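The values are calculated or read from the model by the stated rules, or taken from the named source; none is laboratory data. Computed from a prediction, not measured in an experiment: that's the story for all the values here. With ideal geometry, Cβ positions are generated from the backbone for all residues, glycine too; neighbour counts draw on all protein chains shown. Areas reflect the complete protein model, heavy atoms only, side chains present, ligands, DNA and RNA absent. Shrake-Rupley method; radii C 1.70, N 1.55, O 1.52, S 1.80 Å.
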Amino acid sequence: MTDDNHIYGTFVFPEQVFERGEGVRMFDANGDDYIDCTSGVAVTALGHAHPHLVQTLKDAADKLWHVSNLLTSPERDRLATRLCEETFADKVFFTNSGAEAIECAIKTARKYHYDNGAPERVNIITFEGAFHGRTLATIAAGGQEKYLEGFGPKAPGFIQVPFDDLDALKAAIDEETAALMIEPVQGEGGIRNVSNQFLREMRALCDENGILLIYDEIQTGVGRTGKLFAYEWSEAVPDIMAIAKGIGGGFPIGACLATTEVAKGMTPGTHGTTYGGNPLGMAIGNAVLDIVLEDGFMAHVNEMTLVLRQQLAEMLDHYPDIFEDTRGSGLLQGMKCKVPVGDVLGALRKHRVLALPAGDNVLRFAPPLTITQDELREVRERMITALDELQETLNTK
Ligand SMILES: *Cc1c(COP(=O)(O)O)cnc(C)c1O
């Protein structure tokens, strides 16, 4: 033992260490409160220690922790049924993470064509700036050099086209195409919205060419954009959809959703996972839906979206040396920065607001969907103090 830091060096952590959370707040060892506008990267959609989630997990802990995939559980069936009732889907495969949900989506699409007598249809077309996870297949799908470099040959079967470029997309589709895969709002890539029109064009292209449409709603799903799933804004339904993050509210679960027709090739033995569908996770997924599907919940998200957007527009106006635009959908909002986004994050953290970076030098906000107007006002006050201070340092440069 020659090193006293035993965590892989893949992350650089700030000095703050948090011990406890409650709602939108997290508390450090000194008891200082931070307002969490990250939701642990769009995961804790109901905030920290939500009473219904805490009680559900405690109750579930007294029952069965694990039954394997050789057995099912009432909670698993119930969560699958509810997800299908609320979406285009008929079938669900549960996973432990987002990347595994994407892996399942890719396998489902390829198997569908294979069983339909088109085994050559293996290619998945994705978009520049995409992020689909960190496994070997999902870094190939994301196509970003910074994630691929150093890890050997890029997994074949992924073709990337420029963002928002319909002609390039059309030109890329051929007889080896299996599916198109897209995030309705690019999250890690810089909070870039895909227009409803573009999604509808993609749906039409898939229908014309007999190929499948896959949505990655791992970040945008479960109310994040003000609808249960972001694709509902466009009404362009997918054939397959990967979800994770928000559906677990902090418990690591994910899911791949598909229609009966598309999932028909996923027969016994074709796919599996030890922990996917685990009773604890399934209980929590149901508890998250209990809250998110309540009357008025989406209306609240949409109201808070207006408040947050107005505040960010105000920041853009007041700090033209720091920000250059605002973008996003629902409570997933971004601001492109003119100074390094790390400087802005550091200034905010100093004044106890936690936000996130995204690609394209974007400052990202993904607060709990339960955040209130008063809490957003507090975020605004802390931000102004932090940004005044940052502006000051820019002036003296
Ligand atoms: C986070 C994320 C993933 C990967 O999910 P993991 O749970 O980290 O594997 C994939 N796609 C999108 C859009 C994401 O935001």
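Here are some notes:
- Qualifying residue in region 176-188 (condition: more than 25 Å from residue 359 (Cβ to Cβ), modelled with pLDDT of 95 or more and not acidic (Asp, Glu)): yes
- Boolean, residue 341 is within 23 Å of the chain's Cα centre (by Cα), aliphatic (A, V, I, L, M) and within 24 Å of residue 31 (Cα to Cα): no
- Region 238-249 residues that are in the same structural domain as residue 91 (by TED's automatic domain parsing), paired with ones that are at pLDDT below 95 and polar (S, T, N, Q) (beta carbon under 7 Å, 6 or more apart): none
- Among the candidates 228, 257, 212, residue that is within 16 Å of the ligand (Cβ to nearest atom) and under 25 Å from residue 93 (Cα atoms): 257
- All positions within region 81-92 that are free of Cβ contacts under 8 Å to residues at least 24 places away in the same chain and either under 20 Å from residue 266 (Cα atoms) or among the β-branched types (Val, Ile, Thr) (or both): 81
- Selection count, region 232-249, where residues are open to solvent by 10 Å² or more (accessible area, probe 1.4 Å), part of a helix (DSSP H, G or I) and within 14 Å of the ligand (Cβ to nearest atom): 1
- The requirement of being open to solvent by 60 Å² or more (accessible area, probe 1.4 Å), closer than 28 Å to residue 356 by Cα, in the same structural domain as residue 352 (by TED's automatic domain parsing) and not acidic (Asp, Glu) is satisfied by residue 29.
- Yes/no for residue 150 being modelled with pLDDT of 95 or more, in the same structural domain as residue 257 (by TED's automatic domain parsing) and within 16 Å of the ligand (Cβ to nearest atom): no
- Candidate set: region 250-277, residues that are of a type in the set (Val, Ile, Thr) and open to solvent by less than 60 Å² (accessible area, probe 1.4 Å); chosen: the one nearest to residue 67 (Cα to Cα): 273
- Where helices (runs of 4 or more DSSP H) fall wholly inside region 36-93, the ranges with 1 or more residues that are in the same structural domain as residue 261 (by TED's automatic domain parsing) are 51-61, 74-86.
To keep it simple, each residue is scored yes or no on (1) open to solvent by 80 Å² or more (accessible area, probe 1.4 Å); (2) over 23 Å from residue 383 (Cα atoms); (3) in contact (Cβ under 8 Å) with a residue 24 or more places away in the chain.
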{"residue": "13", "(1), (2), (3)": "yes, no, no"}
{"residue": "21", "(1), (2), (3)": "no, no, yes"}
{"residue": "39", "(1), (2), (3)": "no, no, yes"}
{"residue": "42", "(1), (2), (3)": "no, no, yes"}
{"residue": "46", "(1), (2), (3)": "no, no, yes"}
{"residue": "60", "(1), (2), (3)": "no, yes, yes"}
{"residue": "63", "(1), (2), (3)": "yes, yes, yes"}
{"residue": "74", "(1), (2), (3)": "yes, yes, no"}
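- Test result for residue 305, open to solvent by less than 40 Å² (accessible area, probe 1.4 Å), out of contact with any helix residue (DSSP H, G or I) (no Cβ under 9 Å at 6 or more places or on another chain) and of a type outside the set (Gly, Ala, Ser): yes
- Of all residues assigned to region 250-263, none qualifies as being in the same structural domain as residue 44 (by TED's automatic domain parsing), farther than 15 Å from residue 83 by Cβ, acidic (Asp, Glu) and not in a loop (DSSP other than H, G, I, E, B).
- Region 318-345, residues that are open to solvent by 30 Å² or more (accessible area, probe 1.4 Å) and either more than 18 Å from residue 224 (Cβ to Cβ) or not polar (S, T, N, Q) (or both): 318, 320, 321, 324, 325, 327, 336, 338, 340, 342, 343
- Residue check, residue 54 away from the ligand (no atom under 16 Å from the Cβ) and in contact with a Ser or Thr (Cβ under 7 Å, 6 or more places away or on another chain): no
- Number of the condition not met by residue 106 [criteria: (1) touching a strand residue (DSSP E or B) at 6+ places or on another chain (Cβ under 8 Å); (2) β-branched (Val, Ile, Thr); (3) closer than 14 Å to residue 281 by Cα]: (3)
- Qualifying positions in region 91-120 - among the aromatic types (Phe, Trp, Tyr), within 16 Å of the ligand (Cβ to nearest atom) and in contact with a Gly (Cβ under 6 Å, 6 or more places away or on another chain): 94
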